[in-house]
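Data block below; observations after.
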Amino acid sequence: MAKDKKYRKKKLGSYPLASVVFSVTLALFVMGLFGLLIITTQNLTQLIQENIEVQVFLQKNLSENEVVKITKILSSKDYVNKKAGVPQLALITKEEAAETFIAETGEDFVEFLGDNPLRDVITVKISPDFQATENLAEIKKEIGFIRGVYEVTYIENLVHSINKNVKKISYVLIGFTVILLFTVVILINNTIKLALFSQRFLIRSMQLVGATSSFIRKPFLSRASMFGLTSGVLASALLWGLLQLVSSEVEGMMELLHLEQLLILGGSLLLVGLLVGFMSTFAAIKKYMKMSLDELY
């Protein structure tokens, strides 16, 4: 029994499981957390951009056919945001606007004035591709020339602020992504190198008895690949558990995340764990195989 235990400790490729998996899982988990931050930020930004709209106020006393015609003209424009091929615009009649105002304020201004001074308005959601300040200015000008349109408005300061902040956030996220990815790769690489350090004399012994390089590498690379995949699965499971916990406390959290994005993130963690583990192990084994006996000590 003691002999078998001793043999297993010195078996080729058998470096510590728990410490390596724990370290790699932790590194991938941190990477996954940042990935969730990026996904959530992007989806929130997209949601904000999809709700940027232009208000098209119509002239008074237009017939129903004229209003429908203006609506069709706007629906055909490329700058109108579309979901599942449906143009995102809505007609709010002056009667609906008055009812909403009265419900919110509790004051019946129509009865007080004896008339409804509001206008019919068409709200047009603009595609994110056309939300640059100069594009919106052109869109405002173009819609203003449509017959039956009284005025076109949008909150220019808000749009400018959103565009400016989106660029800043994108640059910051790209920078942090590069730094974090580099850090994770270095951490996993060093963890595997330390784990393989205890195997350096066994590698030399195998070389001395005539084992080929591929024969020596194979068990190490197989084990490293298994460790990487296991760590990726554990990191993905931890992220999913954390998401369930957060979503139970923060209402609407899961609405900012899509299943396909989470699957891609999980697959990315598996791939990073597998590739970095494999490549780090390959590089470490190659290094120890080339070292002299004095250098091994």
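A short reminder: the numbers here are calculations on the coordinates, not readings from a lab. What you see is a predicted model; the values in this text were computed from it and never measured. Glycine also receives a Cβ, built like all others from the backbone with ideal geometry; neighbour counts cover every protein chain displayed.
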Applied in sequence order to region 210-226, the curve 6.51 cos²θ - 1.76 cosθ + 1.60 (Karplus, θ = phi - 60°) yields integer Hz couplings, x standing for Gly and Pro, of x, 5, 6, 4, 5, 5, 6, 5, 3, x, 5, 5, 5, 5, 5, 5, 5
The long-range amide H neighbours of Val80, using H built 1.01 Å from N in the peptide plane and a cut-off of under 5 Å, are Ser127
For region 271-277, in residue order, the Karplus 3J(HN,Hα) values (coefficients 6.51, -1.76, 1.60; θ = phi - 60°; whole Hz; Gly and Pro = x) are 5, 5, x, 5, 5, 5, x
Per the rule of 0.36 nm per residue minus the C-alpha distance, extending Asp129 to Arg204 adds in nm 20.9 nm
Amide H neighbours of Ile52 at under 5 Å, excluding residues fewer than 5 places away on the same chain, with H built from the backbone geometry, are Ile126
Under the 7 Å Cα-to-Cβ spin-label approximation, Glu151 and Ser214 lie apart by a distance in nanometres of 7.9 nm
Given a Förster distance of 30 Å, the FRET efficiency implied by the Cβ-Cβ spacing of Glu104 and Leu259, rounded to the nearest 0.05, works out to 0.20
For the chain, the percent of all C-alpha pairs falling in each 10 Å bin, from 0 up to the bin holding the max distance, is 5, 19, 19, 16, 13, 10, 8, 6, 4, 1, 0
Only helices counted: for the chain, with every DSSP H run of 4 or more residues adding -39500 (n - 2.57) and the sum spread over all residues, [θ] at 222 nm is -24000 deg cm²/dmol
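So if I place +1 on the C-beta of Lys and Arg and -1 on the C-beta of Asp and Glu, and nothing else carries charge, what would the dipole magnitude of the chain be about its Cα centre? I want it in debye, nearest 20. Can you show the working numbers first?
Working: 31 positive and 27 negative charges, 794 e Å.
In debye, rounded to 20, the chain gives about 3820.
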Distance in nm between Glu66 and Leu173 label points, each 7 Å along Cα→Cβ, equals 4.5 nm
Computed over the chain: longest principal axis from alpha-carbon atoms vs helix 156-197 long axis, angle to nearest 10 degrees, is 10 degrees
Taking only the alpha-carbon positions of region 200-268 as identical scatterers, the Debye log10 I(q)/I(0) at q = 0.23, 0.24, 0.26 Å⁻¹ comes out as -0.99, -1.02, -1.10
Under 5 Å from the placed amide H of Tyr150, counting only residues 5+ away or on other chains, we find Phe57, Leu58, Gln59
Taking only the alpha carbons of region 45-113, the radius of gyration and the largest Cα-Cα distance, Dmax, both in angstrom, are 15.3, 44
